[in-house]
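Take a look at the structure set out below.
The values are calculated or read from the model by the stated rules, or taken from the named source; none is laboratory data. Remember, predicted model here, so these are calculated numbers, not experimental data. Ideal geometry is used to build each Cβ from the backbone, glycine not excepted, and the neighbour counts take in all protein chains shown. Protein only, heavy atoms only, side chains kept; ligands, DNA and RNA dropped before computing areas. Shrake-Rupley method; radii C 1.70, N 1.55, O 1.52, S 1.80 Å.
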Amino acid sequence: MAIYDLFSKRQKRARGEMPDVYVYDNLPRPLRVQIVHIVRDTFSKFYGPHPDNEAYRFINKTLCKEYGSFELIQNANSDELAVLNFFLNENSIERALDVVELCFEVIQYLPNRPLRYSSQNRADVTSMAEDAIMELNARFKEHGVGYQFESGRIIRVDSQFIHNEAVKPALHVLRDKNFEGANEEFLNAHEHYRHGRHKECLVAALKAFESTMKIICSLRGWPTEPTDTAKTLIATCMKNGLIPKDLDSQFSSLRSLLESGVTTIRNRNAAHGQGALPVAVPEYLARYALNLTATTILFLVEAHKANRDYA
């Protein structure tokens with residue numbers, strides 16, 4: 001990971017000018033340029049110095065199709081220039097992050113693609129992809145921008161400690177092929193949270209929590225029904241010794257918290273045609289629930305793996 005601790009950086013730290021809180025609504029120009037350097041260096045090492053290689057073509061075509069446009073920028077001379085200049089100049093932070101996510105999703109899967117040149121080997125390509133992702137995440141942190149690239153997605157980070165100690169380990173254990181469904185739901189919860197869809201975040205987190213327990217029950221041969229709720233699944237896991245009985249209240253509290261995103265309350269005028277109103281879920285509650293779900297999923301999977309005595 002080629003990040004140099006330059007004199008100017010050390011001086012900024014000494015003066016207390018380095019960011020100590022995260023921002024989410026700004027991608028500074030220097031950060032964007034650094035990301036462009038990472039992407040260009042990585043793609044050129046794998047594909048060679050070709051501005052219209054298949055990676056840029058895929059990213060350009062995907063973004064144009066999803067945005068309902070014929071081109072990202074007018075009169076671009078190559079797919080590379082279209083993608084990178086769009087990223088450098090796009091005012092929408094979400095669309096700029098679309099570019100980052102797609103580029104690094106491609107980078108993440110480079111080790112799985114056929115090698116382009118006889119001089120390449122699988123281990124070097126794997127190391128190259130890992131270094132690129134590590135540098136991206138370090139650059140986000142360096143600029144105090146609260147995003148990280150994990151498991152193929154850009155996710156929002158509110159606390160580096162919680163991210164390192166709970167969210168990242170939970171994503172790691174869910175990468176096991178047995179937990180693909182739960183992994184997708186947990187990533188969806190983060191995606192909803194990043195876009196401010198807090199109720200949907202709780203719903204997806206609840207699905208990930210339930211799916212994790214269903215998968216563990218299936219692997220261990222404990223009978224469940226497709227319609228089993230979190231309450232029933234907790235009881236099954238507790239009955240079979242996966243969850244200690246003295247943790248009943250903690251797991252039930254998490255279930256109640258996540259289910260609060262599903263419930264609705266009736267408007268006082270509901271009887272007169274106003275209908276039901278959804279519960280407003282504040283950001284701090286969604287963040288708390290998401291982090292708590294991460295620690296709980298990590299606990300469940302580690303408890304499951306600690307005892308391999310199952311069919």
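Of note:
- Number of positions in region 83-118 that are more than 17 Å from Asp41 (Cα to Cα) and either assigned to a helix (DSSP H, G or I) or open to solvent by 60 Å² or more (accessible area, probe 1.4 Å) (or both): 13
- Residue count for region 139-158 satisfying the condition of being open to solvent by 30 Å² or more (accessible area, probe 1.4 Å), more than 12 Å from the chain's Cα centre (by Cα) and touching a residue at least 40 places away in the same chain (Cβ under 8 Å): 3.
- Identity of the residue in region 264-311, modelled with pLDDT under 85 and of a type in the set (S, T, N, Q), that ends up nearest to Leu174 (Cα to Cα): Asn307
- Those residues of region 193-246 which are assigned to a helix (DSSP H, G or I), over 30 Å from Pro282 (Cα atoms) and among the aliphatic types (A, V, I, L, M), in sequence order: Ile215, Ile216, Leu219, Met238
- Which listed residue is modelled with pLDDT under 90 and not hydroxyl-bearing (Ser, Thr, Tyr), from Asn137, Asn89, Asn75, Asn85: Asn75
- When the test is whether a residue is among the acidic types (Asp, Glu), surrounded by 14 or more Cβ atoms within 10 Å (Cβ to Cβ) and assigned to a helix (DSSP H, G or I), Glu130 passes it.
- Flag for Phe43 being buried (at least 18 other Cβ atoms within 10 Å of the Cβ), modelled with pLDDT of 90 or more, in contact with an Asp or Glu (Cβ under 9 Å, 6 or more places away or on another chain) and within 23 Å of Ala138 (Cβ to Cβ): yes
- Among the residues of region 46-64, those identified as open to solvent by 40 Å² or more (accessible area, probe 1.4 Å) and not in a helix (DSSP H, G or I) are Pro49, His50, Pro51, Asp52.
- Scanning region 20-40 for residues that are exposed (fewer than 15 other Cβ atoms within 10 Å of the Cβ) and closer than 17 Å to Glu80 by Cβ yields Val33, His37.
- Screening region 222-231 for residues that are open to solvent by less than 60 Å² (accessible area, probe 1.4 Å) and not charged (D, E, K, R) and picking the one that is nearest to His304 (Cα to Cα) gives Trp222.
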